[in-house]
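**Student:** Pasting a structure here, questions to come.
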Amino acid sequence: MFKQMFAALLIIFSVSLQAQERPAAYAVDKELNLWNKNINDTACVFADIAYIRDYPGLNGALLDSLNAGTKVIIKSEAYNNTLIKDFHAPWHKVEYTIGKQKRSGFIWLGLLALGTNTDKEGKLWMYGFNKYLNRSNDEAHLSLCEIKVLDASSHLIGRTSILITKGDRPSTSGKIMDNMGLAGLQSIYRIGFFSESCGVPTDHYYLGWTGSEFLPLPGKTNVSDAGVSYYEEKLLFPSEHGLDPSLIIKDIIEGEVIDPDQKELTYKESKKRVKYIWNGKIASEIIEMK
């Protein structure tokens, strides 16, 4: 009898302790983030395996695990901003389907793709954060952004990673392009991180896809500073410039206002052209002797 009473008290104490470990209410997170997900938006699991929990936090009990490419529907606002994998993101309640059964639970937003695209063959292209590499500066630290391609059966067929600077950029998007005339490529995947703030660049990253692997290509950056100065890069691929089919061109324009006190601003511009030679695997900058 004593043993039974002791076991019962132990269970009650354990349940009470767990209840104390988890807050009774969810802390609503109003911070903007690159995912920009609203209630009833559809998102894709980006992590190879993403755990669904019964509470928006790491101390929530595990309910399910979902594979990369699984679609979920956002069903709540953001809760409990949490540091995982060296970056902060909130939790959302999501709805998903396993077999024919609809289920729900909480997922950490960092496990979902930042952006997704589907090509004509049904392949899913997506990208997301893996981790931050340098937290010495919360706005400018480097982030490891991973890119994945899944076939129509949701099998992983390619992946790679690029380094980006997070900065104060509120939006992002991806685009599947054709090979733009570059030999050896089936297509090009372009990822953009956009800024509306003065002095914060908008960056585009380009990755060539051979059908089995990603190959890095030159990217481009644009930035302006309150109308005082600007810097613009434009990429031209063979199908655009119509010149040598192994040539990639980057045109750069820098402008600086001559007299900021004038009513109509005029700028002093400088232009530069950078050329890259593409050998089917690597784009190498051509150094021209003056």
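Read the figures in this text as sums done on the coordinates, not as results from a lab. If you're wondering where the values come from, they're calculated on a predicted model, not measured in any experiment. Every residue, glycine as well, gets a Cβ built from its backbone with ideal geometry; the counts of neighbours run over all protein chains shown.
**Student:** Projecting each Cα onto the charge dipole of the chain (Lys/Arg +1, Asp/Glu -1 at the beta carbon, about the Cα centre), which of Ile287, Thr82, Val228 comes out farthest on the positive side?
**Tutor:** Of the listed residues, the answer is Thr82.
**Student:** Give, rounded to the nearest 20 debye, the magnitude of the charge dipole that the range 40-156 has about its Cα centre when Lys and Arg contribute +1 at Cβ and Asp and Glu contribute -1 at Cβ. Present the calculation step by step, with values, prior to reporting the outcome.
**Tutor:** Details: 13 positive and 13 negative charges, 64 e Å.
In total the dipole reaches around 300 debye.
**Student:** Using 1/(1 + (r/R0)^6) with R0 = 22 angstrom and r between the beta carbons of Met177 and Glu285, what's the FRET efficiency to the nearest 0.05?
**Tutor:** In this case the efficiency is close to 0.55.
**Student:** Ok, one more. Considering only the other residues whose Cβ falls under 13 Å of the Cβ of Gly69, what net charge follows from Lys and Arg at +1 and Asp and Glu at -1?
**Tutor:** Net charge around Gly69: +2.
**Student:** Below 16 Å, Cα to Cα, which aspartates and glutamates can Lys281 reach? Residues fewer than 8 away in the same chain don't count.
**Tutor:** Partners within reach: Glu213.
**Student:** Helix 2-21 versus the longest principal axis of the chain: what angle, 0 to 90°, nearest 10, using Cα atoms?
**Tutor:** Result, in degrees: 30.
**Student:** So, by mean Cβ neighbours within 10 angstrom, what's the order for 143-150, 207-214, 177-184 with the highest one leading?
**Tutor:** Ranking the peptides 143-150, 207-214, 177-184 by packing returns 143-150, 207-214, 177-184.
**Student:** Beyond 21 Å between alpha-carbons counts as too far, so tell me which of Lys175/Lys234; Lys93/Lys148; Lys71/Lys100; Lys75/Lys102; Lys71/Lys220 fall in that bin. Intermediate values should be presented prior to the final figure.
**Tutor:** Working: Lys175/Lys234 17 Å; Lys93/Lys148 24 Å; Lys71/Lys100 14 Å; Lys75/Lys102 13 Å; Lys71/Lys220 31 Å.
In this structure, Lys93/Lys148; Lys71/Lys220 lie more than 21 Å apart at Cα.
**Student:** Run the helix sum for the chain: -39,500 (n - 2.57) per DSSP H stretch of 4+ residues, divided by residue count, reported at 222 nm to the nearest 500 deg cm²/dmol.
**Tutor:** Per the formula, -2500 deg cm²/dmol.
**Student:** Next question. If you bin every alpha carbon distance in the chain into 5 Å steps from zero, what whole percent lands in each bin?
**Tutor:** Bin by bin from 0 Å, the calculated values are 1, 5, 10, 12, 13, 13, 12, 9, 7, 6, 4, 3, 2, 1, 1, 1, 0, 0, 0, 0.
**Student:** Relative to the Cα centre, what is the charge dipole magnitude of the range 166-224, using +1 at the beta carbon of each Lys and Arg, -1 at the beta carbon of each Asp and Glu, and rounding to the nearest 20 debye? Please report the intermediate quantities before stating the final value.
**Tutor:** Values: 5 positive and 5 negative charges, 8 e Å.
It comes to approximately 40 debye.
**Student:** Of the peptides 276-282, 186-192, how do they stack up when ordered by the mean number of other Cβ atoms within 10 Å, highest first?
**Tutor:** The most tightly packed comes first, giving 186-192, 276-282.
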